[in-house]
1. Size of the dipole of region 327-390 about the Cα centre, Lys and Arg at +1 and Asp and Glu at -1 on the beta carbon, nothing else charged, in debye to 20?
2. Putting +1 on Lys and Arg Cβ atoms and -1 on Asp and Glu Cβ atoms, find which of A8, T54, M30 reaches farthest to the positive end of the dipole of region 1-73.
3. For region 41-154, what is the accessible area per residue in Å² when the probe is 1.4 Å?
4. Which of (i) 23.6, 75; (ii) 20.7, 70; (iii) 20.4, 63 is the computed Rg and Dmax of the Cα atoms in Å for the structure on display?
5. Just the number, please: carbon plus sulfur as a percent of the accessible area of region 171-229, 1.4 Å probe, no ligands or DNA/RNA counted.
6. For the chain, what is the calculated [θ] at 222 nm in deg cm²/dmol (nearest 500), taking -39500 (n - 2.57) for each run of four or more DSSP H residues and dividing by its residue count?
7. With +1 assigned to the C-beta of every Lys and Arg and -1 to the C-beta of every Asp and Glu, and no other charges, what is the dipole magnitude of the chain about the Cα centre in debye, to the nearest 20?
8. Within straight cross-link reach of K38, meaning Cα distance under 30 Å, which lysines are found once same-chain residues fewer than 8 apart are removed?
Amino acid sequence: MSFERFIAQQHAAGRLVVQPRMGFADPGVMRDGLAATKRADAATVGTVTLDSYTRVGDTDSVDHALRNGIPLNGYPIVNHSPEVTRRMLDGIEGPDFPVQVRHGSARPAGIFRAMIAAGLHATEGGPVSYCLPYSRTPLDESVRNWEHCCELLMAADHPAGRPHLETFGGCMMGQLCPPSELVAISVLEALFFYRKGVRSISVSYAQQTNLRQDQEAVAALRRLCAELLPEAAWHVVIYAYMGLFPRTPGGAMSLLGKAAELATSTTSERLIVKTVAEAHRIPTVAENLSALEHAGSVAASGPVVVDADNQVYREACALVDAVLNSHADLGRAIVVAFKRGLLDVPYCLHPDNAGQARSRLDAEGRLGWSELGSLPLRGVVDRAPGGRITSSTLMSALSYVQHVHDTAALENPMTSIGGDSR
C-alpha cells in the first residue's frame, strides 16, 4: 500500500496519523526506532531522518564518521548500501506502516537515488523550503535540482503505489513568518511538484502563535489546494511548533497538545510531533514514543467552522497570484518572485531573499506584517502594525510561545501534565 492510501484510510476511519522526526546512523538502532514507532498506541507512520553531512552531500565526512565511530545526527542513506537499508526496513515497512525519508537538502539527487534503490517512495522538501533556511545554494540551482529529483522519482518503478512528496514550505524559518506566506510557499511547492507529474502530495503547515489564526491558515491552505491541484490526491500535515520549544516537560506537552488540537480541529490528516527534549537535545526513542502517544490521544471537541475567505487566504492568494504571473514556468517564476521581493521571508539571511519584509506579534499573539517591502500585499493587509523592530522586541517574539507554555506549566504544574492540581 502506498503512503497516500495509508493516510487516506486512517483519515476515513477518524484517526489522526502521528509521525516522529527520528534518525539514527546505525541501521540496527534505526530499525529499533521504527519498530517502536510501529508499536506505539497510535496511528503512526515511520520516519528515516538523514544526517547533516548527507544533507549537504559530504559523503566523505560520513565515511570518516562511520569508520571512526563518530556519532551522526541521522541516518546516512547514501553511504549505507541499498541492501543495508532494505534489511533495516525488512518486516517493518509495509502496507500497515509506510516510511518517509526526511532530509533537508537543496541538492538531493543522491538522496533520491539512494531512497529509490532501497525501495522507498515517500519523502519531503521543496526548492524554496530546503534552500532558503538551510543552505546558501543559489535558489535557481535548487529549483533545477528539485526538477531533476521529481523526474527521478516519477521515472522509478513503485510497485506499492504512487510516489509521494510533501512540501516543507509551510515551515519556513520555523517561526515568525506570517501564516499567509507559509501557506503561499507550501501551495507553490505543491504546484511545482504537480506540474512535474507528481499526483500524491501533502502540504505542510507549522503551528504558529495563535490557534484561531492557524485554523484560518489551514482553511486557506485547503481552499488554494482545491483550486490549484484538481487532479492530485493531497492531504494536510501539521507540524508541532518549530521555534523555541518550552523548556519544562509540562510546557512541552501542553504545546504538543495544542498542535494536536490544531490538527484535529482542522480535520488535518497527519501531525509531525515534537518531544519534551526539543529544547535541550536530540530526543530518544522513548521520548519520541511518548510524544506520539500523547498527540494521538488528544481529542478536540470537533472540527471548527472557519470562513475560507479569511485574511490569511486573501494574503496568500495575492502572493500566489503574483508568483504565477511572474513567468509561465513555475520554477523560473519562483526565482523571479524572490528577485523582485514578491516573496520575501522575514529574518531569512539567504542571499536570494530580499530581506525587506518584517513581521511582529500583536497583543493576541497573532502574527502579521510590520513591513511589507515589495510584497504584493498593499491594499490586502488589514493593517501593518508598523513600529521599529528592535533586538528586544525580536527576542520577545522568538520566545513568546516558549514563555506562554512554560509559565502555565510552572504556575499549575499538575494540570499541565494531565494531573489534578487540587
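1. Working: 9 positive and 7 negative charges, 30 e Å.
Result for region 327-390 is approximately 140 debye, rounded to the nearest 20.
2. The one lying farthest along the dipole's positive direction is A8.
3. Working: 4370 Å² over 114 residues.
With all protein chains present, region 41-154 gives 38 Å² per residue.
4. (iii)
5. Working: 530 of 1120 Å².
Here carbon and sulfur together make up 48 percent of the probe-accessible area.
6. Numbers: 16 runs with 185 residues, N = 422.
Theoretical 222 nm ellipticity from helices: -13500 deg cm²/dmol.
7. Values: 38 positive and 44 negative charges, 50 e Å.
Dipole about the Cα centre, nearest 20: 240 debye.
8. Filter leaves K258, K274.
The values are calculated or read from the model by the stated rules, or taken from the named source; none is laboratory data. Computed from a prediction, not measured in an experiment: that's the story for all the values here. Here Cβ is always computed from backbone atoms with ideal geometry, including for glycine, and neighbour counts include all displayed protein chains. What goes into the accessible areas is simple: the full protein's heavy atoms, side chains included, and nothing from ligands, DNA or RNA. Shrake-Rupley method; radii C 1.70, N 1.55, O 1.52, S 1.80 Å.
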